[in-house]
Every structure is written in structure tokens, then in C-alpha cells.
Amino acid sequence: MNDPDKNRDIENLLIEASEETQPNPVFKAELEQNLRAAHKPRTAFSWNWKGLFPTLTGIGALAALAFFMVWLITTLKPEGHVGSGDETPAATPTPGAVIDPNITPEGDSEGGYDFHGGKLFLAAPLPDSPAAANVYDFVSDPPATLEEARTLAEQFGIQGEIYTTASAGLPDQTVYVASDGKRMLTVYTVNYFTYLPDARRLYRVNGNLPVENAEAVIAEFLGANGFDFPYVIGESAMPGMYELYETAPDGLPIRFDSPSMRVYFGGDGEVVSLDATLKHYDPSPVGEYGIISAQEALDALLDESGNSASFLEMGYSTDYEPPQQWYREYPDNQTVSISGSISSYAAAIPGGNSLYLLDGIPLSGNTDGLESLNDYIFAQATGQFVVEDGIRRFVVESLNMDAEPAYVSGSLRSEDGAIILTSDLDGTEYILADAPADLPLNTEIGVSYLGVSGVVVDGVMDWTNIHFSEDANNMGGGGGGGGAGFRKLNLSGEPMPFPTPIPANEQYTPAEIASFIKYAVQDGDTLAGIAEKFGVTVEELMSVNFITDPSLISIGWVLTIPGVPAPTRLENARGVVQINLFILPDDSLRADYWFAAEDGQWYYSLEGENLEPLQQFVNRPVAITGNVRFGEQGETYLEVESFEPLYPNLQFQILKGTQEASQINGNPVVLFTSEGTTYVQLISTGVFPDQNSYYDTEVLIEALIVPGEAYAGYPTVRVFNTAPAINPINGKPSDLPIMADKLQPIPDPFGGEPYSQPDLVIERIELAYYAPSANMLYASPSGEFTPDLYVQPVWHFHGRYANGSNIVDFYIQALDREFLSPEYDQFFSGG
């Protein structure tokens, strides 16, 4: 059963993404706006990067989370390579399939295939299947040189200077930036860059809508900028964003983890940004190899036994209504104060001038000292807008580096000719300076959402951006993945033996698997040792847990022990209670209670007549007694008879210290040292090391120290949230709040109704190509890879759930088994 601690999952996802990828500029701008949103004026905390969402509270947290996750899923990971496409012939772009959001299964709605607790329908017949398809070599992409960056800038018609910057995803590589003060081109590699027709519009991209003639506009835009490669346009999760996929020499689309290009449109139908990551592969195939048919791919998709072909699943939500947006406008040639984040770019040629931007606006005038500041530091600038040679700049007279970014969510009302903003966090009121006449007034908090960013001065909100969503429950979506993953390729010509498939009559049902005992892998365990301990075979363990290599198990893995019944009653079982609180349509609350048992780290859904008293002990150790039952779909329930807090007076605390990545007995850990004591960091439920919450600077930790809890002789600290001790935006000490003991209600995603798996309609099936995420190439541009990376054939099933808002893509590995290895490839892992 999955960990219900969703905030923790999201935090970890953000940590991994922020440290391993280089977001595109649209994402950076959106990120900056949401980072500011985390600062609440006149309250006791500020934001931090790695623990962004856990530091937000109330409706503001929900909105920032939902708003931000749309961008995270759609734009965060760096894409492949870019080029002019001179080697490939020009082709008319082919639009993606037009999707009817109200599509219903044809024929008998009671038919279809059983799938994940619901039904799967095909909206079109299975396509004909060729006997073979190509495999191509994936080629490394070298870093761009200064001359290559200049040539690409000229291709876009940019005659400005060339600058340099650093990249979090490419720490050892110089990234080049070309700009004339308005247009901006960032070049990471020869084939990986972003282009902005107007850098200022980075901060004004929300509220985008689909463009009626997008295909024609995209074709004209690419042609005008020297790109003529053949491509198809795919469906995306973001209104106003279009994904382009190159086609291979044999005409099949290349469905990588990321598209070849993403084109973003503004609300006026103009292109706002181009993210280019064209795929760098050898067009001469390694060879042609036999593939499975579309019918065999469908059979593999429907087979949940784990015996069939390997596949990946990727899903995302399109249930998103862009918010209304208002942006502050300022006159030219008048002294005004503006606020935002300053980014700096050093001249690529020694002796040249640096480029400074404040929220995409080029700065000139009194910019002394900016070269020594951290990138994206918040500031308030006083000066004048001027237009020179068609470029609008801000001439700085003075800079206030002590200005604090402010974000307030709440409601607006009119009073005595002024617009008053009331915070939904603490009721604080602010006068809204220079308020637009068409702002929504007297909106209902929780039903709708309104947020204002800017700077607060003497009770006045000097705003820069206002956004409003009429439906607070429809502000964004998310995404995820699944599937067993892909197997490594075996192109040696000698087939490799695969494990013997498990006969259908010997496979366990979900209820049977749930009823078996669970065991969490400990330090020093081997699969053979675990099998011997419980009296089962290694093969049985591998089969029921979908393990292909007996040597690959890790501390903390929770294994199902086949045939060994789990206890049906718990007596004073130690663990932690986690609680999700949901707002129902009638404004009442619904609570989901979960118990993470220390023994086995297994999760139980709690049932009982009076569970509310558990709320005062959320995230703290308790002992629970009750009976266990198992559901038909693999659910595990615990009927609570009694509970007892193990440490009634135990409190969360904020600790300040340093961290060190280390190993104990060959296992990775993070050591945290505070006031002379060194701890091993544990996950929030205890028992196992926490390897995600790590900074290389002084850090604050929201922590729980459980008396007597130890790991390998070290005292331990359970980690719930972290922040750098010094806020990187303003250089001031961070103030991390204690949130782990608080319950924050969010709207019920199912409207108070019991969840039922919606039917899935597969709308398009195609043979395509697929390859791993190209960020490996950019993180290691030398091309020295341990694995062999290939562009390989897949069967691509694209569909939509019957609720109309959730899209899913399945990629089934298409090569015949004789060309596959039984070992799964870590670069094609599922979710």
C-alpha cells in the first residue's frame, strides 16, 4: 500500500527535480512567483526551496501547490537536443488527434477488458503490425561552444551580446545566453536551448488558452527561425502549450520522455517561449529486429501477473482552468518603484558588460554591486522606464535589497473608495495600491482563490501580480508514472533465458497478497536469508515481489512473504498515525486515518467509532490495538479498539546544524550535527534512514527526537521538513515553522463520494520509438555512459479516463523477447 504522506512525496520529488534538472525559463519564472507566494507578511515564517510546500499553510498552500504542480509535471525535466534539422527533409506538421473530452465507450458499456479495477475500451481497431522495426544508437550531445551559441543566436536574428551563466543541472558546463535586451536565447548544448521572444513575458505566461490555428502558427514560427524537421504535435496537459515530436527516418514518431520541442502561447495567441530539445541519435540504425504485434502489446498491458512484456505508464491531469491574471503596468519616463527577482549574466568575452534582469526587465543605470549578488535575489528598484532603440529598459536610481517579497491570499472588498485585501491566513488587512477596476470583490474563501504578490509597505500592498481562480478545486493537476519498466536490450544474437512464467492458477489474488506478512529489509539482509527465515524459496519471494535480480534489494524495501499469513490482530503495535483532512462540498470535514507500523513499515487504513482523539497525536509514536481485515483489492484495514500515546509530552522542534552524506555498514545515511550531537536522519515514520533531506550548507530541520531511538549506535532524528538556515533569496536567516503537528484541510478530490476506478478509453494506438530521459546526456556531456542507450520501438497506447480529465500513456516494449534481457534497465524504470 502506498505511503499516504503525500506532502512528503511531493517534497522529495521537488528535491530530486531541483537538484538533477535544469528547468526551462517559463518554469523558472513560475517558480519564482510561487516562491514569493510562500512568504506571508507579518507572520513567523518564510519560504525555502527544498521544502517549499510544507512551509505553506491554509488555502494558500493548496493553491500554490496545485498551481505549481502543473508546471512541474509539464516543464521541469530538461529535454533532449536541439538543432536546425538541416539533415532531415522539411515536412508539413501533422496535428495530434483531436480529443473529445466527452467520449464514451462505443457499444455495450458493460463490455471492455478488466483493467485496474475498472474497464478498458478501445475506441479504434488495433493497427496492422509490421514484422520488424529499427533500433538506433542514442548519441551524446557535447556542450555548446561560444561560436555555436553565436551562430544559433544569429539564426533567431538576435544581434545582441553573448553572456554566460551557470546551470544547476550542468554544474561543470558553461551555459551561454544571447540577448538584445528583449529577446533571449539560452544555449545548454548544441541541441538543447530555450528561446524567448520577449523575456519579460516569462512572468506573464499564465492564463494561456488553446490556440485555434496553433499548428499553422507553430509551422510559421519554426520556419521563420530556420527549423524544417518533420514532426507531429501531441496532446499536452497545459492549455496553450504544444508538444512537438520528431519523426524517425522511417516516419515513426519519437516519443521520448520529453518532446523535441515545447511551444508556449500567451493569452494573445503569440509564442511566448520555445523549449527545444531535439533528439540526438545516429540515423543509421543499429539493425532491424522482430517486434510483437499490437494485439500482443494489448495482451501484455492487460496481464497484471508480471509475466508479460515490460511497459511504462505515464499519466497526467488536464482538469485545469487557467486563472484570471492582472499585472502591474508602469508609465515611461516617470519615477516609480518596482520589485522582483534580479538575475545576472556575465559577459562571455572578458571586459564586456554584464546583463541584469528584474523579472525579465533589463536594468541599466545604478547597477553597481549586482555582480556580487546571488542569482534571483529579491529587490525593490526605484527609477524610470525608458525606451531605447525599441527596447524598454528600467534605469535604476536606487536599489532596496532589504525589501521582503510578500504574498497574500484572501478576498477583496471596496471600502471608502479603497480596495482592501483581507488575508485568509490571519485576517490581516492591506490597502491595495492602484487597484484595477475589474477585480473580483467579496469572493468566498475556499470556493474561489485569489492571491496577490508584491511588497507590503506601511500596510499597503504595492502589488505586482494578482491571480484569481473562480473554482478553488480546479486550479491544476498532477502526474505520475507506473509500470514495471523496460528490460535491457540483448542485441547479441543469442537469446537469454527468462524466469519461468507463473501459471495463472498459481498466482495470488490481491486479497491473498494483502493477507501475507510483510517484512522490511534490514541492514545485512539477503534475499536467500529472508527466504530461509520464513521458510519460503527465493524464487517464490522474487515472483510475488516482482524481483528479477536476487542481489538487488535495499534497506527499507517492504517485501511480501508468500504463503505466510500476516497477523489478524495487533496488540499495542508501535507506529505513527498520519491523517488527511478533506473539505466536503457541504463544508464539513472528512478524515482519513493511516497507521504506519514500525514492524514491517506497513500501512493500515484505520477504522473505528471514535478516531478523532488521534488527531492530537498526528505524526507522533502511538501504540494501537485492534483487529486486521483485508479487502478484495488488496487493502489492509485496522479496526481500532484502543490506542495509547507512547510519549504524551513529546514535541516537534526546529534544530539548526550541518549535514554530512555518509555510509554506515555500506549503507547511505545523512548525519546531522547540532550543538555537538550527531544524529542519523530517519524518515518521518522512523526506522529507516532519510536520504532526501540534505543541504551542503547550514540547515534547519523540523524534527522529532524519539527517546531511546537509535540507528547503528547513533541517536536519531526523524525529519519532517528542512530549509537552508540562510534564505538564499534575501540572505537573511530562515524561519522554519513547525507544521507536522497541524492538520490542514484540503478539498476532497472525490467530492465526498467513495472512489471508484473510472473506465479507460484508449483513443490512439501507434508504433513509435522511445528512449530514456536525455538529462543523463546533459549531466554527463562527455558521452561516457555505463549503459548502452538506444532508441527502441514501442507500442504507444494513448487514452483518457471516462471522467474526461485524466490522460494516460502506456509504452509497451515492442522488441521480441529474444532481443531483450531479463534484467530491467534503471533508465527505463516505472513508477
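The values are calculated or read from the model by the stated rules, or taken from the named source; none is laboratory data. Model, not experiment: these values are computed from the prediction. Here Cβ is always computed from backbone atoms with ideal geometry, including for glycine, and neighbour counts include all displayed protein chains. Ligands, DNA and RNA are stripped out before the accessible areas are found, and what is left, the full protein with its side chains, is counted by its heavy atoms. Shrake-Rupley method; radii C 1.70, N 1.55, O 1.52, S 1.80 Å.
Return the pairs, sorted by first residue and then second, in which the second residue is at pLDDT below 90 and among the β-branched types (V, I, T), the first residue lies in the range 660-676 and is farther than 16 Å from T697 by Cα, the beta carbons are less than 7 Å apart, and the residues are 6+ apart or on different chains.
Hits for this filter: N667/I555.
Scan the range 588-613 and report the pairs whose first residue is surrounded by 15 or more Cβ atoms within 10 Å (Cβ to Cβ) and whose second residue is of a type in the set (D, E) and in a loop (DSSP other than H, G, I, E, B), with Cβ atoms within less than 8 Å and a gap of 6+ or a chain change.
A596/D3; Y603/D3; S605/E635
Show me the strands (runs of 3 or more DSSP E) found entirely inside the range 214-278 where at least 1 residues are surrounded by fewer than 20 Cβ atoms within 10 Å (Cβ to Cβ) and at positive phi.
On the way: elements: 231-234, 241-246, 261-265, 271-277.
By residue number, no strands (runs of 3 or more DSSP E) qualify.
Out of D368, D332, D359, report the one residue that is without any contact (Cβ under 8 Å) to a residue 12 or more places away in the chain and of a type outside the set (V, I, T).
On the way: D332 fails: without any contact (Cβ under 8 Å) to a residue 12 or more places away in the chain; D359 fails: without any contact (Cβ under 8 Å) to a residue 12 or more places away in the chain.
One residue alone meets the criteria, D368.
Residues are listed down the side, and each one gets a yes or a no for (1) more than 23 Å from D599 (Cα to Cα); (2) open to solvent by 20 Å² or more (accessible area, probe 1.4 Å); (3) touching a helix residue (DSSP H, G or I) at 6+ places or on another chain (Cβ under 9 Å):
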{"residue": "F630", "(1), (2), (3)": "no, yes, yes"}
{"residue": "E639", "(1), (2), (3)": "no, yes, no"}
{"residue": "Y647", "(1), (2), (3)": "no, yes, no"}
{"residue": "T658", "(1), (2), (3)": "yes, yes, no"}
{"residue": "N667", "(1), (2), (3)": "no, yes, no"}
{"residue": "L671", "(1), (2), (3)": "yes, no, no"}
{"residue": "T677", "(1), (2), (3)": "yes, yes, no"}
{"residue": "L682", "(1), (2), (3)": "no, no, no"}
{"residue": "D690", "(1), (2), (3)": "no, no, no"}
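Only one of D434, D458, D462, D426 is open to solvent by 30 Å² or more (accessible area, probe 1.4 Å), of a type outside the set (A, V, I, L, M, F, W, C) and free of Cβ contacts under 8 Å to residues at least 24 places away in the same chain; which? Walk me through how you get there before you give the answer.
Values: D434 fails: free of Cβ contacts under 8 Å to residues at least 24 places away in the same chain; D462 fails: free of Cβ contacts under 8 Å to residues at least 24 places away in the same chain; D426 fails: free of Cβ contacts under 8 Å to residues at least 24 places away in the same chain.
Checking each option against the conditions leaves just D458.
Any residue at all in the range 626-649 that's within 32 Å of the chain's Cα centre (by Cα), part of a strand (DSSP E or B), at pLDDT 90 or above and among the polar types (S, T, N, Q)?
Yes, the range 626-649 has at least one match.
Is there any pair with a first residue in the range 680-694 that is modelled with pLDDT of 90 or more and a second that is among the small types (G, A, S) and part of a strand (DSSP E or B) whose Cβ atoms are under 6 Å apart and which are 6 or more apart or on different chains, and what are they?
T685/A596
If only one of I338, I349 is out of contact with any Ser or Thr (no Cβ under 9 Å at 6 or more places or on another chain), in contact (Cβ under 8 Å) with a residue 24 or more places away in the chain and either assigned to a strand (DSSP E or B) or more than 28 Å from S469 (Cα to Cα) (or both), which one is it? Spell out how you get there, then give the answer.
Numbers: I338 fails: out of contact with any Ser or Thr (no Cβ under 9 Å at 6 or more places or on another chain).
Just a single option satisfies the conditions, and that option is I349.
If you go through the range 736-745 one residue at a time, do you hit one that is part of a strand (DSSP E or B) and at pLDDT 75 or above?
Keep residues of the range 736-745 that are part of a strand (DSSP E or B), which gives none.
Scanning the range 736-745 turns up no residue that is part of a strand (DSSP E or B) and at pLDDT 75 or above.
Is one or more of the residues making up the range 719-728 assigned to a loop (DSSP other than H, G, I, E, B) and touching a Phe, Trp or Tyr at 6+ places or on another chain (Cβ under 8 Å)?
If we filter the range 719-728 for residues that are assigned to a loop (DSSP other than H, G, I, E, B), which is where we start, we get 725, 727-728.
Next, from what is left, pick out any that are touching a Phe, Trp or Tyr at 6+ places or on another chain (Cβ under 8 Å): 727-728.
Scanning the range 719-728, I find at least one residue that is assigned to a loop (DSSP other than H, G, I, E, B) and touching a Phe, Trp or Tyr at 6+ places or on another chain (Cβ under 8 Å), so the answer is yes.
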